[in-house]
């Protein structure tokens, strides 16, 4: 009974992980296992979209988290980045760092989580590395494509654009961080619609990520708090902050936030609802006050300028 | 005086690292700093080549190693993988994991090492991530291109092919691991030559890596030990093993090993010497004995079948 990575050895461990994967949807010219994976692009003129994200034990998950959920999160973070530019995922590579006493069964479950999400979004896991380290880490690199010069950006928003968000926000630490659905199909669809403007995925929390759009586009935003899709989990965080504060600041929602020109907003939202089950919410508008974020906590309340600070990996958290 | 990553914070640390980089040679459609980097491919029909490698403190380098050398090694490993398939590097992404007390000056020197090598091989560093962890790690993800269906492989060798190796072998731990030159131009040139067969880069040591070619191509090999380009450093390893054993087994040479059809071998070697300063050595031939590795330790000596075991991240080393 091979319990740990050391019992099994590097080569056999890699085989056991690769055995959890589906056959590729986008076959390679050179298969997994060589110096590089080499794959052909489909016919047409493409831009290549590249993203990389880690999940690190003690930072992005705690020991005791469900391994399939950690695998889901590892790939999901990257797929969410690809979704935010409207890219179609093709391939992902995974560098695994594991302790010598790492259980192989845990790694297999981790790969099952990766594989299930990869299958759903037709993203082939095609390579990577296994190395020794002090704690578990997975670094996932994702490769996608967009038709030439069509990628969604953070920089194309204009004052007056209606601000939409997908799904629900807040309470990710209550479990949704391990089962969120990256909005891959939605991002590609949005890229092809008339009237779309800036887009971003919500990884650090709406209040932080909207500011990236404001900075890149040189606009401001007004958010109607009473229209936020607050997750039920945001009320179960065990602190005294109202659920809407969690929805603004928890992070790891991996929903899409995007603008639509006012003339196209109603049409686009109606078309969305024909295509997707994923909920879509109009939560505010963009303004001509660069960098300024205003919120309204109730329909008739006055607009308040707010400042929130984002997540800093090296800040001291209470 | 901002000493550590914690003093400076995540955003400022990233700015300080990015400030060490040259402007891009292959400009992006979407710049660094968004969810994805998005870049256009040059005109033509391309395959995409993808490689990922880590450098981990305590595994791939020891604390006290020169930080610029660690940066060099981090990118060099990936460029060497791209060289082995004959790909032209375009972009690399770097995930950095650093302790809260990581010195920012060390990170800047690390980035200087990355940047110098990237500049030489026209590979733009375009993205990545900075996160907290128990020890320093850098995970580099490289993206290159090859003209459609031309990538070098490990699988195209045939019995009779002449086996060549570049540069010199052995003693990488004496310092060359931090200053090797990945054979990027040589790999691309080789890809375009008549008569080339299988190719691989030497990361785990000639004796191990040649077996990957034998396995992929279904051939055997005879190596003339007296023709190996043994590095002077291989004699200074402070143990009683002869230098040629270091040349066969030390690993991290990051030289190219490749076959050439016998009829083209002399022509290709002569053409090489017109183009490159990089030494090229004929060190043996491929045979029709699948998986069998034979060595001859002196010109008139008999051929001996040898077995070596490769580096295993989870094996217990003496």
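Laboratory data are not the source of any read-out in this text; all were calculated from the coordinates shown. What you see is a predicted model; the values in this text were computed from it and never measured. Every residue, glycine as well, gets a Cβ built from its backbone with ideal geometry; the counts of neighbours run over all protein chains shown.
Structure data summary
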quantity	calculated
Copies compared at residue B:158 - label distances in nm, ascending, label defined 7 Å from Cα in the Cβ direction	6.3
Computed E for residue A:45/residue A:105 - FRET, C-beta separation, R0 35 angstrom, nearest 0.05	0.20
Average beta carbon contacts from partner chains per residue of B:124-131, 10 Å cutoff	4
Listed residues A:157, A:234, A:215, most fluctuating in chain A (Gaussian network, C-alpha, under 10 Å)	A:215
GNM result for chain A, Cα springs below 10 Å: residue of A:21, A:130, A:214 fluctuating most strongly	A:130
Inter-copy separations for residue B:236, label at 7 Å along Cα-Cβ, nm, ascending	6.4
Chain A shape via C-alpha gyration tensor axes, a/c threshold 1.5	oblate
Nearest-ten-degree value, helix A:67-84 long axis tilted from longest Cα axis of chain A	50 degrees
Average beta carbon contacts from partner chains per residue of B:143-151, 10 Å cutoff	3
Calculated FRET value between residue B:298 and residue A:134, using beta carbons and R₀ = 41 Å, to 0.05	0.35
Shape of region B:51-161, Cα gyration tensor, a/c cut at 1.5	prolate
Residue of B:289, B:277, B:122 that the Gaussian network model of chain B assigns the largest fluctuation, springs spanning Cα pairs under 10 Å	B:277
Label geometry 7 Å along the beta-carbon vector: residue A:290 inter-copy distances in nm	6.7
Computed label-point distance, nm, for sites residue B:289 and residue B:12 using a 7 Å Cα→Cβ extension	6.5 nm
For B:52, A:307, order by how many other beta-carbon atoms lie within 10 Å, fewest first	A:307, B:52
Cα→Cβ-extended label distance, 7 Å offset, between residue B:25 and residue B:156, nm	2.4 nm
Order of A:196, A:72, A:26 under a 10 Å beta carbon neighbour criterion, fewest first	A:26, A:196, A:72
Average beta-carbon neighbours from other chains, 10 Å sphere, peptide B:85-96	3
Residue-averaged [θ]222 nm for the protein assembly as shown, counting only DSSP H segments that reach four residues, each worth -39500 (n - 2.57)	-8500 deg cm²/dmol
Rounded to 10°, Cα long-axis angle of helix B:206-217 versus longest principal axis of chain B	80 degrees
Ascending count of other beta-carbon atoms within 10 Å, so fewest first, for B:60, B:246	B:60, B:246
Cα gyration tensor category, rounded, prolate or oblate, for the protein assembly as shown with a/c compared to 1.5	prolate
Cα-based helix-to-principal-axis angle, B:262-275 vs chain B, degrees rounded to 10	40 degrees
Mean Cα-pair separation over length for chain A, i.e. relative contact order, pairs under 8 Å, 6 or more apart, %	21 percent
Nitroxide proxy distance, nm - points 7 Å out along Cα→Cβ at residue B:270 and residue B:185	2.2 nm
